[in-house]
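The values are calculated or read from the model by the stated rules, or taken from the named source; none is laboratory data. Please read all numbers here as calculations on a predicted model, not as lab measurements. Glycine gets a Cβ as well: all are built from the backbone with ideal geometry, and neighbour counts include every protein chain shown. With ligands, DNA and RNA removed, areas are computed over all heavy atoms of the protein, side chains included. Shrake-Rupley method; radii C 1.70, N 1.55, O 1.52, S 1.80 Å.
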Amino acid sequence: MHPSDERSQKIIRALQTADLDALIPLLAGQWPAATIPTTQVHSLLRHIFAQARQDALNLLHPPHDFHAWLLQHASTNVNAAPAKSNTIRLRLSLLSTLYTALQDQGLLLVHPLRGLQRPPNERTGAPLLPRADLERLHRQAASDATLHAALVLIDQHAYRVRDLLALQWADFDFATGSALRPHAVTRLNDTALKALQPLLTAAGGELYARGRVFPYKQERDLRAALFRACKAANVPYTPPGELRRISLRDYLHTPQSAGFSADDTRRLEQATALAQGLASALQND
């Protein structure tokens, strides 16, 4: 995109004047909307942008001491209370996403956050479940075909719970073994297809299967079944979101195999780095 374009000029002005309200819609599609709503992007960045206006700091071409300035204000919330480490990291990640998008559009030559030292992840709990424990959980769940299929889809293809609960038999192309997801079409691997086979047979086979794949009425029902299986397998209860991160930690996914849009390799890389980095940081504590 050439800087003379009207949209580019608006982006430049919004950064030069630290106008977050104008900037956010101009970069629609660049923010990680699948995980962070636009309203939360505004909430996380508004203090930094307000401080930039107050200090007359040009966010498009910040000064040489920008990293020190940014860390100072990213570490403080609007009410002047200190921000948590993960909140600071998220703010910096959103700004990095912003500057990367500007580079991609030809509006920046140098990424202003290059070399920025970020605070460490907070320790929020126990390390992610080891692969050996997860396999024991899968063996325990094998007697419950529905739960087993759900766990396999999470593990093999990084399914989110809400996507599992919404999954319909009509979303499958049985000729190719592909499944329609909110942002991608995923070619399920043999392990996932085998796990789904008992459910497909019970639903009447390829010709007659209709409606939702999983009978859980709400996420709580899946969590309750998972809790019982974890207890029986003698492994710590691991919620579905953590099971998904284990998939991102352990497997080399493509965007399509993990349910990301085909051109969204950046978000997959970020999610994978978070899962792998979090596991490494917790295990090395």
Problem set entry | Estimated inter-spin distance, D65 and K194, nm [label 7 Å along Cα→Cβ] | 6.3
For this session: Can you grab the distance from the C-alpha centre of segment 133-200 to the C-alpha centre of segment 54-80, Å, no decimals?
Result: 45
Exercise. Volume per residue, Å³, of the convex hull around the alpha-carbon atoms of segment 46-187?
Worked result: 198
Problem set entry | Accessible surface of the chain, 1.4 Å probe, proportion on carbon and sulfur as whole % | 53
Exercise. How do 99-110, 71-82 rank on mean C-beta neighbours within 10 Å, highest first?
Worked result: 99-110, 71-82
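Let me make sure I get this right: for segment 131-285, a, b and c are the square roots of the gyration tensor eigenvalues over alpha carbons, sorted descending. Under 1.5 in a/c it's rounded, otherwise prolate if a/b > b/c, else oblate. Which is it? Walk me through the numbers before you get to the answer.
Details: a/c = 2.02, a/b = 1.19, b/c = 1.70.
In terms of gyration-tensor shape, oblate.
Quick one: which of 59-69, 242-252 comes out on top by average Cβ neighbours within 10 Å, and what's the full order, highest first?
Numbers: 59-69: 14.0, 242-252: 18.3.
Highest-to-lowest ranking by the protection proxy: 242-252, 59-69.
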Exercise. What fraction of the Cα pairs in the chain, stated in percent, has a spacing above 30 angstrom?
Worked result: 42
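Leaving out ligands and nucleic acids, note down the accessible area per residue over segment 1-116 with a 1.4 angstrom probe, in whole Å².
Numbers: 5790 Å² over 116 residues.
With the other protein chains kept in place, segment 1-116 gives 50 Å² per residue.
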For this session: Using only alpha carbons, build the gyration tensor for segment 16-111 and give me the equivalent ellipsoid semi-axes, biggest first, whole Å.
Result: 19, 17, 13
For this session: Sketch the reach of a paramagnetic label on A142 as a point 7 Å from Cα along Cα-to-Cβ, and name the residues of segment 209-233 whose backbone nitrogen lies under 18 Å away.
Result: 229-233
